[in-house]
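Colleague: Provided herewith is a single structure, encoded as structure tokens, for subsequent inquiry.
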Amino acid sequence: MPKHIISGLRYLAAINLTKQGHTQKEVANKLGINRSTVSHYLNGRNLSIKSIEVAKVITELCPRDFLLLTYALLQDTNKTRTIIKACQKRKFKASVKNSCIGCGICIDSCLMKAIKLNELKAEINPKWCCGCLICVEMCPTNSIEIEEVED
Ligand code: SF4
Ligand code: SF4
């Protein structure tokens, strides 16, 4: 079953990435699959309706569950962030307070690789933040705020 769920998630991501204007080759590279598989997805072949339905339910879970479940299935950070980014409709705004001490714990805890250090202060790229709130829990100085914004 996990393989079918992964196929369902890849299918949804392939459809969305194609809608965003990516070529089949680009979609294949981003998802780490071959081009003929992308072509099959786009033509609705080789995939059960059940796999797609289950994958849709996963994309509608809370951001943390969507992220952690996808990562548990794929065991690959880059492919996970590609699927989350392609399938998540919600958007988030992130800010880091001056109380940040630049310890880097949030950077290591962010599966979306959305955080970097800039002049010893954490900086969060909202393009990649999926709103999982793991960094908020991990920060020893309570310096991170994540807020959902309207699309
Ligand atoms: S975990 Fe908190 S204190 Fe540490 S770098 Fe990140 S925001 Fe700053
Ligand atoms: S909420 Fe924090 S840990 Fe989660 S994706 Fe955004 S920056 Fe990364």
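Readers should treat all values here as calculations from the given coordinates under stated rules, not as data from a laboratory. Treat the numbers as computed from the prediction; the structure is a model and nothing was measured. Backbone-built Cβ (ideal geometry, glycine too); neighbour counts: all protein chains shown.
Colleague: Pull up the cross-link candidates among the aspartates and glutamates for Lys93, meaning alpha carbon to alpha carbon under 17 Å and not fewer than 8 places away within one chain.
Modeller: Once the sequence-local aspartates and glutamates are set aside, what remains near Lys93 is Glu123, Glu137, Glu145, Glu147, Glu148, Glu150, Asp151.
Colleague: Roughly what angle does helix 2-19 make with the longest principal axis of the chain, taking Cα atoms, 0 to 90 degrees, to the nearest 10?
Modeller: Around 80 degrees separate the two axes.
Colleague: Taking the chain as the reference, fit the longest principal axis to its C-alpha atoms, fit the long axis of helix 49-59 to the helix C-alpha atoms, and give the angle between the two in degrees, 0 to 90, nearest 10.
Modeller: Orientation of helix 49-59: about 10 degrees from the principal axis.
Colleague: With a 10 Å Cβ neighbour count serving as the proxy for reagent exposure, in which order, fewest first, do Val149, Val96 appear?
Modeller: Val149, Val96
Colleague: Something else about it: How large is the helix-only mean residue ellipticity at 222 nm for the chain, computed as the sum of -39500 (n - 2.57) over DSSP H runs with n ≥ 4, divided by its residue count, in deg cm²/dmol to the nearest 500?
Modeller: -15000 deg cm²/dmol, from helical runs alone.
Colleague: What is the fewest-to-most order of Val57, Val38 by other Cβ atoms lying within 10 Å of their Cβ?
Modeller: Fewest-to-most ranking of Val57, Val38: Val57, Val38.
Colleague: Okay, next question. Taking a quarter of the surface of the convex hull around the Cα atoms of segment 91-149, what do you get in nm²?
Modeller: 3.3
Colleague: From Cα pairs below 8 angstrom and at least 6 apart in sequence, can you work out the relative contact order of segment 1-114, rounded to a whole percent?
Modeller: Computed value for segment 1-114: 30 percent relative contact order.
Colleague: I would also like to ask the following. Can you tell me the 0 to 90 degree angle between the C-alpha axis of helix 63-74 and the longest principal axis of the chain, rounded to 10?
Modeller: 60
Colleague: A further question on this structure: Å³ per residue of the Cα convex hull, for segment 35-75?
Modeller: Per residue, the Cα convex hull of segment 35-75 comes to 84 Å³.
Colleague: Continuing with the same structure: No partner Cβ under 4.7 angstrom, meaning no disulfide-compatible partner by this rule: which Cys of the chain qualify?
Modeller: Cys62, Cys87, Cys100, Cys103, Cys110, Cys129, Cys130, Cys132, Cys139
Colleague: Please compute the volume of the convex hull spanned by the alpha-carbon atoms of segment 10-104 and report it per residue in Å³.
Modeller: Value for segment 10-104: 128 Å³ per residue.
Colleague: Net charge within 14 Å of Lys89 by Cβ-Cβ distance, Lys/Arg positive one each and Asp/Glu negative one each, not counting Lys89 itself?
Modeller: Spelling it out: positives minus negatives among the neighbours equals +1.
Colleague: Mind ordering 113-122, 80-89, 5-14 by average Cβ neighbours within 10 Å, highest first?
Modeller: Result, highest mean Cβ count within 10 Å first: 5-14, 80-89, 113-122.
Colleague: Would you kindly compute the Cα radius of gyration of segment 42-151 and its largest Cα-Cα separation (Dmax), both in Å?
Modeller: 15.6, 53
Colleague: Taking amide hydrogens as modeled 1.01 Å from N in the peptide plane, which residues meet the under 5 Å criterion relative to Lys91, leaving out close sequence neighbours?
Modeller: Placed amide hydrogens put Val149 under 5 Å from Lys91.
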